[in-house]
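FYI, it's all coordinate maths here, none of it is from the lab. A quick note: this is a predicted structure, and the numbers were derived from the prediction, not measured. In this analysis, Cβ positions are derived from the backbone assuming ideal geometry, glycine residues included, and neighbour counts consider all displayed protein chains.
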Amino acid sequence: MANFVGQVVVLVWLGLIGGGAGQGKAREAPWRIHTLFSVECQNYFDWQTVGLMHSFKKARQPGPITRLLSCTDQEKRNYRGMDLAPTLEVPSMSKHPKTGDWYTLSLSFVSCKYWLQQALFSSVNLYPAINKPAGVVHWLKHSKDAQNVDWVVILDADMIMRGPIIPWELGAEKGRPVAAYYGYLIGCDNLLAQLHTKHPELCDKVGGLLAMHIDDLRALAPMWLSKTEEVREDRAHWATNLTGDIYGKGWISEMYGYSFGAAEVGLRHKINENLMIYPGYIPREGVEPILMHYGLPFRVGNWSFSKLDNHEDGIVYDCGRLFPEPPYPREVKAMEADPNKRRALYLNLECINTLNEGLLLQHAANGCPKPKWSKYLSFLKSKTFSELTRPKFPTPDSLQTMEDKVQEQVFDEPGKPHPKIHTVFSTECTPYFDWQTVGLVHSFHLSGQPGNITRLLSCTDEDLKHYKGRDLAPTHYVPSMSRHPLTGDWYPAINKPAAVLHWLNHANVDAEFIVILDADMIMRGPITPWEFKAARGRPVSTPYDYLIGCENELAKLHTRNPEACDKVGGVIIMHIDDLRKFALLWLHKTEEVRADTAHYGKNITGDIYESGWISEMYGYSFGAAELKLRHQINGDILIYPGYVPDSGVKYRVFHYGLEFKVGNWSFDKANWRNADVVNKCWGKFPDPPDPSTLDHSNEDALQRDLLSIECAKTLNEALRLHHERRKCPDPSSLSTSNQDTASEATMSRKFGKIDTSHIIRSNTVSTNLSQESSVPAVTNQTFSSFRFWIVCLWAFAILGFFAIMYVMLSGRRGQKKRGKIHKPKRRFSNSGFMDTNGHDRHLRNAEIS
């Protein structure tokens, strides 16, 4: 175990030291990112370059950006835009090195119309798009930057960034790039894919935005280029019904080259149709696109823009000239009443205004004279426009991938199979957790919860030798970490993340979703991902509002993403893929917070004991924040008995972590810490009041008390059934000796003896919400009063004993004085006092106790 924890620390430490500073202090990246885009030596690409570069800076994208510039020698001699962006020159593939075919034609000498006609309607093999994969291959081979990067973002020149594109925040993993959806690539579903890849089932319809690990790009890039050539040469299958290309001229061969190349090397994409939007399209409600792709014409009222109308435009080098100014935001507000359509129009304005702002700044950099004042220039320089175009960040809905949508559709469609679920909970080898286990497992079977349940049982080898509760639940045994193997710190709560990690690494888990509960819970109904909308990348949990460390310096100290810290816990529904990535961080962050004794203060953690007892809860929240796992927080799943329920809510779980009362009756789990009600026949808790005795005048109090009674009755019913399974004798047919013992126990309470066969109490603890009755025990006042009377009875018995001895001795002396000589009877000790009291056994019991 020590070796295991050592590996945990080393692994996480290695993850933390990955270098790479962000483009500005606002967004610092723990891994190195490089952004690429491909262009040619044309005015058409120059104004696109100006727009993309300007938006790159406004978005505060971490890491450097490189323009892959493909030019012929002749084009380069006349080219004016070398200083528009950090550039890597790439040999043009105008003439294919193997076939001699011409793939590009210098547009400096060809009109836009002629170029399009030749590309689309003639046999001239004009195909500039092949320079994109060729440029990436060249960059990987010849750029030093390619040797010092972890993640690569690949964009097109005709894009405007609205916010930073952080691959791992978007869900990208090594082997699982993130990409935008290109649904028109129908060749992935037909004969075309079967002809051009050995793995047609892996063909993803993607493009535009690509975010992938550098190792994946190294494997993909040569295949991307090769497959582009292959599809481009397959003229027999350029038809629209096979490719989706409306011109039927192989114009989108590069896109298929990418998809088929990725399929060949086994890359499956996380496909996201929310991150990128075409101006003119209406964004989904709740979605914040972070990239605009102006590949299609768009309009606002009578104003319109099309990039193809500006194919030969030298606007970058024409001082003072901008694209035609669009309407102002206030005009849009007046022309469109529908809020969603109006939002789409605002995006159109943002796109063209960002382009014009970039051109304005580029003109100044070119040494152009200051332009004359105009209302539009004033707007572009205004605080209003600056606010409208400040960096945007993806919302949870923006991060939803098509896999997530498919899951939700499957969940909602009747007759479709639901994903497998497995429920787990963590315990230790103690009577305290045994009776909780009995209650939870009993309620699990009553609740209708799908799938199986597993108890994660953390025990030392010595504890396990004497443990009697092996049969209480399906169990996965885990080495105990209550005493930390490296630090020696005693912290049993760390067993929860350690147990989950051990289970994932040692059990054959075939479920798609995992539900994690605490032992001190009673299930009232099923907890399913399809009902509560859990998905990969979007776990569901319940609110733990007392975790105030998510909002202060504690989060800033323990996670790179404090803004992603969710105050959650209790019930967790998480996809197995997320849990596998997350479990190690959960354990590590628990260790980290536990070791940070300088920040145990109540004002920082919310822990009233200031003992670091809730470190595991913060370990969960900070670990999830590291991975940007944002939770759907649902307050309708769990309720604490004793709390007033919201009207109409069907809570699925009781969490009896706090003391709760109904009239003079109360229950506090901490008072039963040492009680073995599981292994002693018919052990149970005090029965709660009958519901018929409750006051019905206050509906809130009535519903609160009914839930409290339900919780207690479920626990007792679970214990009763457990005792029946253990074949405990029928309590109504106990032997006479047992009845005598019971009656003696009743009498013995007067002398301080308590029979724990039926009602057992322990001397533990007062609680608070942040501790949930889990802190070290303190003396129970009720039991203290019993102990006081026991001491008094002992003192009374001792005084009585001395009084009797005094009388006896005094009698002997009196007899000697009177000269009476007779042998005292041996039964003397049983005469006199014992006859008058009649409670010999009970006094003797009291003295012995």
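Go through region 340-402 and name the trypsin sites (Lys or Arg not before Pro) that are in a DSSP coil and have 16 or fewer other Cβ atoms within 10 Å of their Cβ. Don't jump to the answer; show the numbers that get you there.
Numbers: sites: LYS341, ARG342, ARG343, LYS372, LYS375, LYS381, LYS383, LYS392; in loops: LYS372, LYS381, LYS392.
Taking region 340-402 and a limit of 16 other Cβ atoms within 10 Å, the loop trypsin sites (Lys or Arg not before Pro) found are LYS372, LYS381.
Multiplying the residue separation of THR460 and HIS696 by 0.36 nm and subtracting their alpha-carbon distance yields 79.9 nm. For region 126-200 versus region 673-738, the inter-centroid distance based on Cα atoms is 63 Å. The modelled label-to-label distance for the pair ARG725/ASN508, using points 7 Å beyond Cα in the direction of Cβ, is 2.4 nm. Determine, from the Cβ-Cβ distance of LEU446 and GLN194 and an R0 of 35 Å, the FRET efficiency 1/(1 + (r/R0)^6), rounded to the nearest 0.05. With R0 = 35 Å, the Cβ-Cβ based efficiency is 0.10.
Figure the gain on full extension for LYS57 and ASP318 (residue separation times 0.36 nm, minus the Cα-Cα span) and round it to one decimal in nm.
On the way: separation 261, 0.36 × 261 = 93.96 nm, distance 2.28 nm.
That pair, LYS57 and ASP318, stretches by 91.7 nm at full extension.
Order of ASP461, ASP46 from fewest to most other C-beta atoms within 10 Å?
Details: ASP461 8, ASP46 24.
Least crowded to most crowded, the residues run ASP461, ASP46.
Here the residues PHE444, PHE513, ranked from fewest to most Cβ neighbours within 10 Å of their Cβ, fall in the order PHE444, PHE513. In a DSSP loop and with at most 13 other Cβ atoms within 10 Å, there are no chymotrypsin sites (Phe, Trp or Tyr not before Pro) in region 262-333.
Fewest to most neighbouring Cβ within 10 Å: what's the order for ARG560, ARG232?
Values: ARG560 14, ARG232 23.
Starting with the residue having the fewest Cβ neighbours, the order is ARG560, ARG232.
With the simple model of a label 7 Å out from the Cα in the direction of the Cβ, ALA364 to THR395 spans 3.4 nm. The label-point distance for ASP73 and PHE379, in a model that sets each label 7 Å from Cα toward Cβ, rounds to 4.9 nm.
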